Every structure is written in structure tokens, then in C-alpha cells.
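All of the numbers you see were taken from the coordinates with simple rules; none came from a lab. As the structure is a prediction and not an experimental result, all values here were calculated from the model. Please note: Cβ atoms are built from the backbone with ideal geometry, for glycine as well, and neighbour counts cover all protein chains shown.
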């Protein structure tokens with residue numbers, strides 16, 4: 001009986017460590033990627049659902065659905081052991097790896113986009129330059145026409161007033 005409870009204590013201690021690691025996964029994601037408040041709320045709900053599933057699965061699988069105080073204590077101790085002794089290293093290592101991978105993927109993405117940017121720039125020069133040239137010249141012509149008309153109107157008004 002005591003060995004059975006010791007094994008259960010070790011199993012739920014391991015559950016606590018797993019829950020601590022799961023908590024760190026969400027912390028790593030938050031440190032590596034900017035997320036909005038809504039995404040953070042969804043992550044929190046997801047964490048608690050997964051945690052609840054892990055605990056309930058373990059209770060039903062290893063202890064026939066009986067909840068004992070020592071199992072809760074083992075989960076808390078396992079989580080604390082993980083969070084106090086392992087968590088900082090796991091977070092630092094994983095955040096560093098993720099940020100490094102983000103830089104690599106960004107550079108690869110820029111290299112892939114370079115030919116596309118060059119083609120778009122070339123097409124802009126071919127298509128937009130002539131259109132821009134025509135629009136600028138039309139503006140000049142209309143501006144000159146407008147100034148001629150307004151100066152003629154002003155001259156005729158001056159002559160009419162004399």
C-alpha cells in the first residue's frame with residue numbers, strides 16, 4: 001500500500017514537472033512573439049484546459065478517479081521544483097533558439113523576396129513612368145491653360161471697368 005502511494009506520489013510529482021514545462025512553453029511563446037491580449041487570453045485558457053486534462057487523465061488512469069491530498073501536494077511540489085531549478089534555463093535557451101531561428105527565417109524571406117522586388121521595380125518603371133509622364137504633362141497643359149484664361153478674364157474686367 002505504501003509503495004503504491006509512493007509510486008502515485010512520483011507520478012503526480014512528474015505531472016507537476018510536466019505542468020511547469022507546459023507553463024514555460026507559453027512563457028517562451030510570449031517572450032519570443034508579440035501577442036495581443038486576446039491571444040494571451042486564449043493561451044491562458046488553453047493552458048488550463050491542457051493542465052486539467054493532464055491531471056484528470058492521471059487521476060483516472062493511475063488512481064481509479066480517487067483524489068488524494070498527497071497527489072495535489074505532489075503536483076505543487078513538482079511544479080515548484082521545475083519552476084525554481086529548471087525553468088530559467090529552459091526559457092533562456094529556447095528564447096535564444098527561437099530568436100535565432102526568427103532571424104534566419106527573416107533573412108531567407110528577404111532573399112526570396114529580392115527577385116520579386118526587383119521585378120516589381122522594373123515593372124513600375126516600365127508601366128508607371130510613362131503614365132506618370134503623361135499625367136504630369138497633362139497637369140502642366142491644364143495649368144497653363146487655366147492661367148491664360150484667368151489672365152484674359154482679369155484683363156477684360158480691367159478694360160470693362162475703365
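Rank the residues 143, 31 as a footprinting-exposure proxy: fewest other Cβ atoms within 10 Å of their Cβ go first.
Listing 143, 31 from fewest to most nearby Cβ atoms yields 143, 31.
Using Cα springs under 10 Å in a Gaussian network model of the chain, which residue among 103, 92, 129 shows the largest mean-square fluctuation?
Looking only at 103, 92, 129, the biggest GNM fluctuation is shown by 129.
Please arrange 1, 118 by counting, for each residue, the other beta carbons lying within 10 Å of its beta carbon, fewest first.
1, 118
Restricting things to alpha carbons, find the Rg to Rh ratio for the chain using the Kirkwood radius for Rh.
Working: Rg = 35.3 Å, Rh = 22.7 Å.
Ratio of gyration radius to Kirkwood radius for the chain: 1.56.
Expressed as an acute angle from 0 to 90° and rounded to the nearest 10, what is the orientation of the C-alpha long axis of helix 129-161 relative to the principal long axis of the chain?
The helix 129-161 is inclined about 50 degrees to the chain.
Once both axes come from the Cα atoms, what is the angle between helix 69-85 and the longest principal axis of the chain, in degrees from 0 to 90, rounded to 10?
Roughly 50 degrees, rounded to the nearest 10.
Label-point separation (nm) for residue 123 and residue 45, each offset 7 Å from Cα along Cα-to-Cβ?
4.1 nm
With a Förster radius of 45 Å, plug the Cβ-Cβ distance of residue 110 and residue 89 into 1/(1 + (r/R0)^6) and report the FRET value to the nearest 0.05. Please report the intermediate quantities before stating the final value.
Values: r = 32 Å, r/R0 = 0.71.
About 0.90, to the nearest 0.05.
Would you report the distance distribution of C-alpha pairs in the stretch 1-47 as whole percents per 10 angstrom bin, up to the bin with the largest distance?
Using 10 Å bins, I get a P(r) of 24, 35, 20, 15, 6 for the stretch 1-47.
With just the Cα atoms of the stretch 2-85, tell me how far they stretch along each of the three principal axes, in Å, largest first.
48, 27, 15
May I ask for the angle, rounded to the nearest 10°, between helix 2-32 and the longest principal axis of the chain, with both axes built from Cα atoms and the value confined to 0 to 90°?
Result, in degrees: 10.
Would you order 30, 139 from fewest to most other beta-carbon atoms within 10 Å of each residue's own beta-carbon? Could the numbers behind the result be given before it?
Working: 30 14, 139 10.
Exposure proxy ranking, most exposed first: 139, 30.
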